[in-house]
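Heads up: the structure comes next, in structure tokens.
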Amino acid sequence: MLDLVLNEKDYNKKAALLESNKFMKWVKSLEENFLLKNIVIHKIDMFGDKVGFVYAEANLTDKQGRRVPSKAFIRGDSVSIFLVLKDSTTNEKFAVLTYQPRVPVGKYIYESPAGMIDEGNFKFKAIEELKEEVSSDIKLDPEQLVFLERGYTSPGGTDEEIVIYSYELELPTSEINKLNNKETGLEGENITLTIVPVDSVLDYTVSMTTRLAAYAYNAKNMLAEMNKLFSK
């Protein structure tokens, strides 16, 4: 049985914590790979009636009995979408970047549309984020998402695993221009869209997720072109 230690302030959130997919996924992984004694919950941030963030410390050792660093910030998985707009007239390709405040790094940064996954699958959340952060008017097909990469963002501090997709959408020049400098997102997110040439993404972003997406997208396209060339 899982031994949880909660402070008095968060004790009434225990039931929600035990029903949280992200938290229980983390616990399961700990139990499979370490000798777990108990988990001390320092703080729980709720998003409505669901667990958002958990600040925890696991009392455990490795299977040889040696203590290991045990503090963790549990936030769950997320998805990022490298959205590429192809101009239907010129065939030029542009990437859609969000410009928004990121308080943990103390600045505004450019990055690809992204979001946390509380429930549901990665593709469903990817489409949801594109509609939320880019436009609810554009027609999107989850099956057109192209997988690029998957991995942990900062495993020394957080459990977050991110899946990165690309999505290509052909639009008229006028529609692409309408998206540039458009204010989007939920209340308080303060997101402004920036449309940049695909080849210029690395000049704009310091987000490693977005930089990895750009590298992976370009590499996948280069490989496709090489295959076409050698198949002739």
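Does THR184 count as surrounded by 15 or more Cβ atoms within 10 Å (Cβ to Cβ), closer than 30 Å to LYS71 by Cα and of a type outside the set (Gly, Ala, Ser)? Talk me through it step by step, then tell me what you get.
Numbers: surrounded by 15 or more Cβ atoms within 10 Å (Cβ to Cβ): yes; closer than 30 Å to LYS71 by Cα: no; of a type outside the set (Gly, Ala, Ser): yes.
Judged against the criteria, THR184 is not a match.
Number of residues in the stretch 202-232 that are under 15 Å from SER80 (Cβ atoms) and either aliphatic (A, V, I, L, M) or exposed (fewer than 10 other Cβ atoms within 10 Å of the Cβ) (or both) equals 6. Quick one: count up the residues across the stretch 90-105 that are farther than 15 Å from GLU189 by Cα and exposed (fewer than 12 other Cβ atoms within 10 Å of the Cβ). Qualifying residue count for the region: 3.
Laboratory data are not the source of any read-out in this text; all were calculated from the coordinates shown. Please read all numbers here as calculations on a predicted model, not as lab measurements. So basically every Cβ, Gly included, is an ideal-geometry build from the backbone, and we count neighbours across all protein chains shown.
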